[in-house]
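What follows is a set of notes on a single structure, which appears directly below.
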């Protein structure tokens with residue numbers, strides 16, 4: 001299954017401009033609501049300098065990075081949960097993602113209209129959050145009513161399901177998103193089945209203009225994020241989009257001029273990856289050096305299964321070299337000679353950056 005990060009927000013906050021910059025595409029980004037109807041989807045490589053370092057040592061035929069998909073979802077408006085502004089359709093697109101970035105407009109521009117008539121980051125984010133909560137509440141309430149009719153059977157599973165739905169409904173009624181509710185580990189499979197939007201991890205993207213030294217909108221959003229323990233990244237989407245047309249040398253010059261080591265967009269890509277609690281391990285050989293996405297706390301067989309299900313099913317052992325050891329020793333051969341290669345079994349928890357060769361038999 002592909003990893004998808006949605007890009008959501010009100011109309012005209014810069015979602016499509018940001019999507020273009022992230023994905024080096026040129027989709028429509030016009031100054032009117034609902035410019036985007038069907039979601040635009042593009043695969044984006046996960047920036048990882050470690051892959052380049054491995055490639056320099058191994059000189060493979062191919063280098064394949066980890067990736068995720070970004071989904072540009074049309075702007076939501078007040079009443080979206082009840083279908084306003086094609087809201088039901090757009091909300092269904094969010095449900096199909098694993099996490100999302102909420103783009104907030106933090107700039108004034110008389111040439112770019114605002115659907116509410118004025119720029120107000122807190123009002124904007126509360127509008128979106130309320131619509132997402134109400135959309136989830138509708139789903140949970142219907143499911144709860146349906147399950148309630150079956151309670152007389154005395155079935156323990158039905159009783160447990162009803163209690164969970166009741167707990168979620170009470171939280172949503174208090175405008176508290178599902179992600180803020182504490183669940184037992186055994187309940188998470190049921191929660192995943194519901195596909196509730198407010199259960200998904202998310203982060204804010206503050207879309208600013210070039211000079212943000214006196215940006216009261218940004219300050220307001222940063223204070224809100226700090227108060228609610230939420231994560232925020234700031235980006236000048238329009239300027240980042242202009243990098244699309246520059247060659248590598250021109251991009252480097254531009255970034256140096258701006259005092260940046262890399263495009264701000266790389267931080268957004270990595271943040272989406274981080275939100276899903278993912279990291280990369282590597283396989284390295286003459287044919288290819290490749291990064292593989294895996295959930296934190298995954299065992300060696302689970303990580304092997306990302307390559308092929310046979311690798312997990314027939315797992316025997318994993319030959320593991322830590323990334324730093326691999327680089328410091330100058331490659332696999334010398335790492336083995338210096339005793340840096342470890343043989344790990346089924347219980348081994350894979351670490352970020354491990355270079356692994358799996359042994360299996362089916």
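What follows draws every value from the coordinates through simple rules; no lab data is involved. Note that this is a predicted model, so its numbers are computed, not measured. As a convention, Cβ positions derive from the backbone with ideal geometry for all residues, glycine included, and neighbour counts pool all protein chains shown.
Using Cα-Cα distances under 8 Å and only pairs 6 or more residues apart, what relative contact order does the chain have, in percent? Please report the intermediate quantities before stating the final value.
On the way: 626 pairs, mean separation 69.6, N = 362.
Relative contact order comes out at 19 percent.
Computed FRET efficiency, Cβ-Cβ of residue 333 and residue 246, R0 51 Å: what is it to the nearest 0.05? Can you show the working numbers first?
Working: r = 40 Å, r/R0 = 0.79.
The value I calculate is 0.80.
Given a Förster radius of 45 Å and the C-beta distance between residue 210 and residue 173 as r, what FRET efficiency does 1/(1 + (r/R0)^6) yield to the nearest 0.05?
On the way: r = 43 Å, r/R0 = 0.95.
Result of the calculation: an efficiency of 0.55.
For residue 195 and residue 254, FRET efficiency with R0 = 41 Å and r from the beta-carbon atoms, rounded to 0.05?
Values: r = 41 Å, r/R0 = 1.00.
E between residue 254 and residue 195, to the nearest 0.05, is 0.50.
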Most fluctuating residue of 286, 263, 121 in a GNM of the chain with Cα springs under 10 Å: which is it? 286
Mind sorting 151, 164, 172 by how few other Cβ atoms lie within 10 Å of their own Cβ, fewest first? 151, 164, 172
Take every DSSP beta bridge with both residues inside the chain and express the antiparallel ones as a percent of the total, to the nearest 5. 50 percent
Springs between alpha-carbon atoms under 10 Å, Gaussian network over the chain: tell me which of 276, 91, 165 tops the mean-square fluctuations. 165
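Between residue 185 and residue 109, what length comes free when the chain is fully extended (0.36 nm per residue of separation minus the Cα-Cα distance, one decimal in nm)?
Values: separation 76, 0.36 × 76 = 27.36 nm, distance 4.70 nm.
Length difference between fully extended and current span is 22.7 nm.
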Contact order relative to length for the stretch 133-276, counting C-alpha pairs under 8 Å separated by 6 or more residues, stands in percent at 18 percent
For P(r) over Cα pairs in 20 Å bins from 0, in percent, pick the label among (i) 25, 46, 25, 4, 0; (ii) 25, 50, 24, 1; (iii) 27, 54, 15, 3, 0 that corresponds to the value derived from the coordinates. (ii)
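Below 8 Å between Cα atoms, with a sequence gap of 6+, how large is the relative contact order for the stretch 297-360 in percent? Don't skip to the end; give the middle numbers.
Details: 101 pairs, mean separation 31.6, N = 64.
Relative contact order, the stretch 297-360: 49 percent.
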Mean-square fluctuation check for the chain, GNM, Cα pairs under 10 Å: which of 317, 142, 271 is largest? 142
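Suppose only helical runs count, i.e. DSSP H with n ≥ 4. What mean residue ellipticity at 222 nm does that imply for the chain under -39500 (n - 2.57) per run, divided by all residues and rounded to the nearest 500 deg cm²/dmol? Before the final figure, lay out the partial values.
Numbers: 14 runs with 145 residues, N = 362.
It comes out at -12000 deg cm²/dmol, rounded to the nearest 500.
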